[in-house]
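First the structure, in the form of structure tokens, and then the observations on it.
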Amino acid sequence: MAQAVPQIAELNAPQDWCTVDFISDLHLHASEPATFAAWQHYMQTTPADAVFILGDLFEAWVGDDAVNDDISAEADSFEDRCAHALGDTTGRLPVYFMHGNRDFLVGRGLMDLCNATLLADPTVLVFNKHRWLLSHGDALCLEDADYMAFREQVRSVQWQQAFLAKPLAERQQIARGLRAQSEARKVSGTTYPDLDTAASRAWLQAAHAHTLIHGHTHKPAVHDLGSGMNRVVLSDWDLAAPLPRSEVLRLSAHGLQRIKLA
């Protein structure tokens, strides 16, 4: 399946940045406090000069109105606690957020409240004289025709306006139903197509980059795409799993390094 290469944004790292962290697919949810606690501790203690969250920080996000407008107020909800953790971090280092397939409704409201930066998908990060292409990754899963059709629908302005016009409680109920469906697919062992190699190469060529860093598939690895190009897959986080997972991909002058926190 052919796909046009999207417009690629570009971010030039300040010269004083020495270390950059990438995380994705934490799927934060109130029912999994261990993962939230691990993320909060990481955000408080990372030595990086910037943190890039490449999608699916949240298991579901039904609109920025789920958060109290006053970030200095006591955190009443799980969403408030997440906003507090983001805001506390941006007080000492920049945080960049990219939409995933679960939290594409995160808007400027939350970003402005937390002083975080919303990042286009895809974006080239120019760091240490190299170009790194960043994406959540779901837009490159071209063989999953059903998902690609769903993605096009829910990313449209019309669909999002209609969904966000529903009462918050109704949106939260819909999200709970979608989460239950997702859990059922996990139990059934449903597998999903990986990123399309030809499309990944086309994105890299258009970006004049050699390495694509992405999440979404929950299958951390390095894939050789040929011609000196590769894609690096981030790990998901799950502290409640039999083998707990929480991993950071750290970029410095020495290259990429996986940091296992659990």
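The values are calculated or read from the model by the stated rules, or taken from the named source; none is laboratory data. Remember, it's a predicted structure, so these values are computed and weren't measured experimentally. Virtual Cβ from ideal backbone geometry, glycine too; neighbours counted across all protein chains shown. Areas reflect the complete protein model, heavy atoms only, side chains present, ligands, DNA and RNA absent. Shrake-Rupley method; radii C 1.70, N 1.55, O 1.52, S 1.80 Å.
Treating cross-link reach as a plain straight distance, find the lysines whose alpha-carbon is under 29 Å from the alpha-carbon of residue 219, omitting any fewer than eight places away in the same chain.
Partners found: 129, 186, 260.
Measure off 7 Å from each Cα along the Cα-to-Cβ vector at residue 131 and residue 161, then give the distance between these two points in nanometres to one decimal.
3.6 nm
Can you give the extra length, in nm with one decimal, that the chain gains between residue 219 and residue 19 once fully stretched, where that is 0.36 nm per residue apart less the Cα-Cα distance?
My answer for the length gained is 69.6 nm.
For the chain, what is the calculated [θ] at 222 nm in deg cm²/dmol (nearest 500), taking -39500 (n - 2.57) for each run of four or more DSSP H residues and dividing by its residue count?
-10000 deg cm²/dmol
How much accessible surface does residue 92 have with a 1.4 Å probe, in Å² rounded to 10?
Surface open to solvent at residue 92 totals about 120 Å².
In whole percent, how big is the carbon plus sulfur part of the accessible area of segment 1-148, probe 1.4 Å, protein atoms only?
47 percent
What percentages, rounded to whole numbers, describe P(r) for the chain computed over all alpha carbon pairs with 10 Å bin width beginning at zero?
Calculated over all Cα pairs of the chain, the distribution is 6, 30, 38, 22, 3, 0 percent.
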